[in-house]
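K.L.:
Just passing along the structure, written as structure tokens.
Values in this text are rule-based calculations from the coordinates and carry no lab data. Since the model is a prediction, treat every value here as computed from it, not as a measurement. All Cβ positions, even for glycine, are placed from backbone atoms using ideal geometry, and neighbour counts span all protein chains on display.
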Amino acid sequence: MKKVFSLIFVAAFLLLSVTLSLGILVAGPSEAGANEVLSKDPALFDKEGNFNTNILSDMSAWINDHFFLRQELISVNNRISAMLFHTSGEDSVILGKDGWLYFDSTLDDYTGQNAMTDKELSAAAHNLELMAQYCREQGKDFVFIIAPNKNSLYPQFMPDYGVVSAEHDAQKLLSRLENTPVIDLFSAFGCQEEILYFKTDSHWNSKGAALAADLINQRFGKDTNYFGGTYTFTNDYTGDLYTMVYPAFPGKESQPNYDGQLNFRFTSKATQPDSITLLTESDNSGALLVYRDSFGNLLYPYLADSYGTVRFSRSTGYDLTLEADHIVVELVERNLDYLITYLPVMPSPVSTVSLPEQISGNLQITSNPRANAPDGCAQWTGLADYEAGDTIYVITENGAYMAFQTKDGFGAYLPENEIPTDVVIGHSQNLLRYKIP
């Protein structure tokens, strides 16, 4: 009997192997699902014409990513994992209660693990304050908004993780932004009885986006009520998280569709919601510049309808020198460290600081000619130790410039004809001076 079962197992295995192999030839290779990035086609030679010594490993990776029925088998495996072990089977997705799905990258915010340090929060607040100050000086209205993680607003459907953080990085950052215009979406969404995020997607739905748009418009003096408009609900939406877990299974949930008229026109060739840049115009007034992430996919139509011209950008280097009456920087809660990873594009503010006579040491600073710098400026960056509350100044023969702070150093945009000679770090009377060799 054991021999019969062994033969059946071997036969089934061989049949499956042959099916998967021949399937690639007959039906073609399996395509990517959701946000997957699959292995590229293996090549015998590299770009320089040399033999690819990794051809076998490249072929193995390609087959693993493209074998026949790959999406179907992934979906079946993940369904079994959900039924038997109550896990999603996909590392980047958390299986919540009542069919809710959450993005795994939001778990640290939810539990309070790997939270931003006091120094990092201070640096992020400092950078935002410099951005807001520059916009004020240029006569532009500026506002910063944080799109909440779904489990920050709707934790009741999360699995039980024991201790959950009482205060997240977002709340800690918002409490520090005394001189930066902000919109607190946590409070705005939290006071709504209606759930405004998708069940199987990581984003807000169209009504949630409408609420955010109304609050942005209100901040800029425009009276809109998209959120209070009429909506038709259709059961035809497939969430991004659902597609990641069950790429081959149909799965639809209800979504609200705004019934009002949104009158705007694209002036860019790109028209897809997730395009890097979208340009629109309408018969209304005002020029708006919006830096956004994927939460802008449902937000942009309302704002496009509200302003005469709008530029929507997914760039992480916020260029504040572009022409606009109003500027919005929207950033999802899980990516707040972007504020100390990427430098905004604007001339560094001219400042005054007492230059200590004592030299504390040398500090390397590097010019970045390929950086996206404002007209007439050059970008300079360096590594440096600093503490929460410190200010970093880059000194030239003509004066001092306040720098942006990064996770492990600083960056500044100086006039092209000025060369840094010193860096001063500290606050009040506790200033350290470093020479630039």
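K.L.:
For the stretch 239-367, how big is the tail of P(r) above 18 Å, as a whole percent of Cα pairs?
P.N.:
For the stretch 239-367, the fraction of Cα-Cα distances above 18 Å is 68 percent.
K.L.:
Something else about it: I need the P(r) histogram for the stretch 216-288: all alpha carbon pairs, bin width 5 Å from 0 out to the longest distance, whole percents.
P.N.:
3, 11, 13, 16, 20, 18, 11, 5, 2, 0
K.L.:
Which entries of Lys172/Lys407; Lys407/Lys435; Lys119/Lys140; Lys119/Lys172; Lys207/Lys269; Lys140/Lys172 show an alpha-carbon separation above 23 angstrom in the structure shown?
P.N.:
Lys119/Lys140; Lys207/Lys269; Lys140/Lys172
K.L.:
Give me the extension gain from Thr352 to Ala43: residue separation times 0.36 nm, minus the current Cα-Cα distance, reported in nm with one decimal.
P.N.:
105.5 nm
K.L.:
Describe numerically, in nm with one decimal, the distance between label points set 7 Å from Cα along Cα→Cβ at Glu416 and at Asn335.
P.N.:
It is 3.1 nm.
K.L.:
When the distances between all Cα atoms of the stretch 377-437 are binned every 10 Å from zero, what whole-number percent does each bin get?
P.N.:
Bin by bin from 0 Å, the calculated values are 23, 59, 17, 0.
K.L.:
While we're here: Name the long-range amide H neighbours of Ser202: under 5 Å, sequence gap of 5 or more, or other chain; modelled H, no Pro or chain starts.
P.N.:
Correct list: Asp240, Leu241.
K.L.:
What FRET efficiency comes out for the pair Ser92/Asn430, r = Cβ-Cβ distance, R0 = 51 Å, nearest 0.05?
P.N.:
The calculated FRET efficiency here is 0.70.
K.L.:
Checking the cross-link filter: which aspartates and glutamates have an alpha carbon closer than 17 Å to that of Lys252, excluding same-chain neighbours under 8 positions apart?
P.N.:
Candidates past the 8-residue exclusion: Asp98, Asp201, Asp236, Asp240.
K.L.:
Please work out how much length the chain gains when fully extended from Ile276 to Glu129, using 0.36 nm per residue of separation minus the C-alpha to C-alpha distance, in nm with one decimal.
P.N.:
50.4 nm
K.L.:
Taking H placed 1.01 Å from N in the peptide plane, check which residues at least 5 places from Tyr237 or on another chain put their amide H under 5 Å from its amide H.
P.N.:
Amide H neighbours of Tyr237, under 5 Å, 5+ apart: Glu253, Gln255.
K.L.:
Check which residues have an amide H placed less than 5 Å from Gly409's amide H, if you skip close sequence neighbours.
P.N.:
Ala384
K.L.:
So if each residue of separation counts as 0.36 nm, and I subtract the Cα-Cα distance between Gln218 and Thr230, what length gain in nm does that give?
P.N.:
2.4 nm
K.L.:
Roughly how compact is the stretch 153-283, stated as its Cα Rg over 2.2 N^0.38 Å to two decimals?
P.N.:
1.25
K.L.:
For the stretch 109-190, report the convex hull volume of the alpha-carbon atoms normalised per residue, in Å³, without decimals.
P.N.:
87
K.L.:
Further question on the same structure: Can you compute the FRET efficiency between Val164 and Ser105 using 1/(1 + (r/R0)^6), with r the Cβ-Cβ distance and R0 = 25 Å? Round to the nearest 0.05.
P.N.:
For Val164 and Ser105, the calculated efficiency is 0.90.
K.L.:
Another question, if that's okay. For a quick check of your reading of the filter: which trypsin sites (Lys or Arg not before Pro) in the stretch 245-339 sit in a DSSP loop and have no more than 10 other Cβ atoms within 10 Å?
P.N.:
Hits after loop and neighbour filter: Lys269.
K.L.:
Quick check: the distance between the Cα centres of the stretch 393-431 and the stretch 215-261, to the nearest angstrom?
P.N.:
Here the answer is 45 Å between Cα centres.
K.L.:
Residue by residue through the stretch 330-342, what is 3J(HN,Hα) from phi via Karplus (6.51 cos²θ - 1.76 cosθ + 1.60, θ = phi - 60°)? Round to whole Hz and write x for glycine and proline.
P.N.:
10, 9, 6, 3, 5, 10, 4, 5, 4, 5, 10, 10, 10
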